[in-house]
Structures are given as C-alpha cells and as structure tokens.
1. Could you line up Tyr191, Tyr69, Tyr113 from fewest to most neighbouring Cβ atoms inside 10 Å?
2. What size of dipole, in debye to the nearest 20, comes out for segment 92-199 about its Cα centre when the only charges are +1 on Lys and Arg C-beta atoms and -1 on Asp and Glu C-beta atoms?
3. Assign unit charges at the C-beta atoms only (+1 for Lys and Arg, -1 for Asp and Glu), then state the dipole size of segment 142-188 relative to its Cα centre in Debye, rounded to the nearest 20.
4. Looking at the chain as a GNM with Cα springs under 10 Å, which of Asn131, Asn180, Asn105 has the largest mean-square fluctuation?
5. Taking 0.36 nm per intervening residue step and subtracting the Cα-Cα distance, what contour gain separates Lys176 from Leu55 on full extension?
6. Can you give the helix-only mean residue ellipticity at 222 nm for the chain, where every DSSP H stretch with n ≥ 4 adds -39500 (n - 2.57) and the sum goes over all residues, rounded to the nearest 500 deg cm²/dmol?
7. Taking a spot 7 Å from the Cα of Glu154 along the direction of its beta carbon, which residues of segment 46-65 have an amide N less than 16 Å from it?
8. For the chain, what is the charge dipole size about the Cα centre, in debye to the nearest 20, if Lys and Arg each add +1 at the Cβ and Asp and Glu each add -1 at the Cβ?
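What follows is calculated from the coordinates using simple rules that are stated; it is not laboratory data. Only a predicted model underlies this, so the values are computations on that prediction, with no experimental measurement involved. Heads up, the Cβs are rebuilt from the backbone with ideal geometry, glycines too, and the neighbour counts pull from every protein chain shown.
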Amino acid sequence: MSEHYYSEKPTVDSDAKEWSVNLNGENFLFASDRGVFSKEGIDFGSRLLIETFELPSVPGGIVDVGCGYGPIGISVASMDSSRVVHMVDMNERALALAKHNAKRNQCENVEVYKSDCLAQVKGTFAAIVTNPPIRAGKKVVHTIFEQASTSLIEQGELWVVIQKKQGAPSAIERLKQLFNSVEVTVKKKGYFVLLAKKV
C-alpha cells in the first residue's frame, strides 16, 4: 500500500530538510521531512493562503486543520500573538515537525496536537484555516467544512485553499449549503482561496 501525507504513522525513512522563507515580510525557518506534505518547501497553495488570509474582525482563537509541518498556523500565529492558534493533524511526524518549527520560530501562542479533522478540537473559534488533504478524499474535505460550520463563533470565518481541478467547484457548492456568505477571494494558477463566513 502506498503511503500518503495523511498517514497517521509514516514509515518511510526520515530525510529532513530545512529552509528559510519570507512570508508577509517576516522571515521563518522551517523543517519538513518525507512522509509529510510538501517536503521540499512551502507549496504554492499554502503560500497563497498565507498571503491572502486576514485576521477576523471578531476576537478568539484560530485553528489550522491539517497543519502539516506548520507553515500556515505559525505564520498566522505570528500575525497576532494574543490569539491562540490550534494546529492539528493526523500525521504524527508532521505534528512533531510543527512543534519543532513553532519553537524554532519562537512562536509561543500555538497548541499542536493530534485530531481527526476537528473531532478532537474543543471550543469555538474566530477563524479556521485549511489547505485540506485532497488525497484523503472529498468526504474528508467536506467533513472539515461541516465541522467548521459548528466550530466557528458568530461572524467567524473559514479560509480554504483548493485547486479548481481538485474540487473547488464542489467545495464552493458544499460551503454554500453550510454558510450564508461564501466568496472566492483569490484565483491564481488554478488555485482558489475561499472565504466562508458564519453570519
């Protein structure tokens, strides 16, 4: 059986890589590894989401679902140190890297832990961000949307990056069934950044 980045316990041999990157004018140092999504550097979709995301107008914590080695959650946490960012994933190697990267970037307002989508995330939040695990299947992606709709406070926001060819049209359709306000904030190189608001 081939192994994917959403595997709980990757068995592929470790071959960690580290690089520095500038995101929104701030320098970060990240490490990633085999068995984790985007081992060689920040993927285009995550970077687009990071550069497009704006902090919500309402106070409260933020969740990065499917955080991987942590670039989205850590960059979001660096935007407002008063907000706690919950970074969750099923991949234990990714979670270890996310903890390492948060510490390396002196990012203290994060909580990194294992969760199947949002199932183990307690409480309600001002924003949820996700570059969803497309290879895990549409059902998993739409489960994230459904759980987000009940995990957001009033005026809370769900930010999603997804490729058109990997399900953006059906994602928009499902989000419109769950949220009163859904918009495409950016389209670039086949990627859509979607913003769904709980209003």
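1. Tyr113, Tyr191, Tyr69
2. My answer is approximately 540 debye.
3. 380
4. Judging by the Gaussian network model, the answer is Asn180.
5. 41.4 nm is the gain from fully extending Lys176 to Leu55.
6. Computed ellipticity for the chain at 222 nm equals -8500 deg cm²/dmol.
7. Label zone hits: 57-60.
8. Once rounded to the nearest 20, the dipole reads 520 debye.
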